[in-house]
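The next block holds one structure in the form of structure tokens; read it before the comments.
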Amino acid sequence: MKKSFDQEDLRVRRTRKLLWEAFMAELSERFFEEITVKGICERAMSSHHVL
């Protein structure tokens, strides 16, 4: 059974937030075609293995 968003682990929510913010920062600095998963993860200080 899938957990609701309210019950989701705070670590998961934090990681998703950091990844989203990193993506938006990359998007403001680069063309979409230049953005990589590795770059987003490095900026968010997250491992790409959690994606």
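Residue by residue through the range 25-39, note down the ones that are among the aliphatic types (A, V, I, L, M), at pLDDT 95 or above and part of a helix (DSSP H, G or I).
Ala25, Leu27
The C-beta contact set for the range 23-49 (first residue of a type outside the set (A, V, I, L, M), second residue outside any helix (DSSP H, G or I) and open to solvent by less than 80 Å² (accessible area, probe 1.4 Å), distance under 7 angstrom, 6+ apart or interchain) comprises Glu26/Ile35; Cys41/Ser47. Return the residue satisfying two criteria in turn: it lies in the range 1-24 and is surrounded by fewer than 12 Cβ atoms within 10 Å (Cβ to Cβ) and not in a helix (DSSP H, G or I), and of such residues it is modelled with the lowest pLDDT. Among them, the one singled out is Met1.
The values are calculated or read from the model by the stated rules, or taken from the named source; none is laboratory data. Everything quoted here is computed from the prediction, not taken from an experiment. Neighbour counts are summed over all protein chains in view; Cβ atoms, including those assigned to glycine, are modelled from backbone coordinates with ideal geometry. Please note that ligands, DNA and RNA were not included when accessible areas were found on the heavy atoms of the full protein model with its side chains. Shrake-Rupley method; radii C 1.70, N 1.55, O 1.52, S 1.80 Å.
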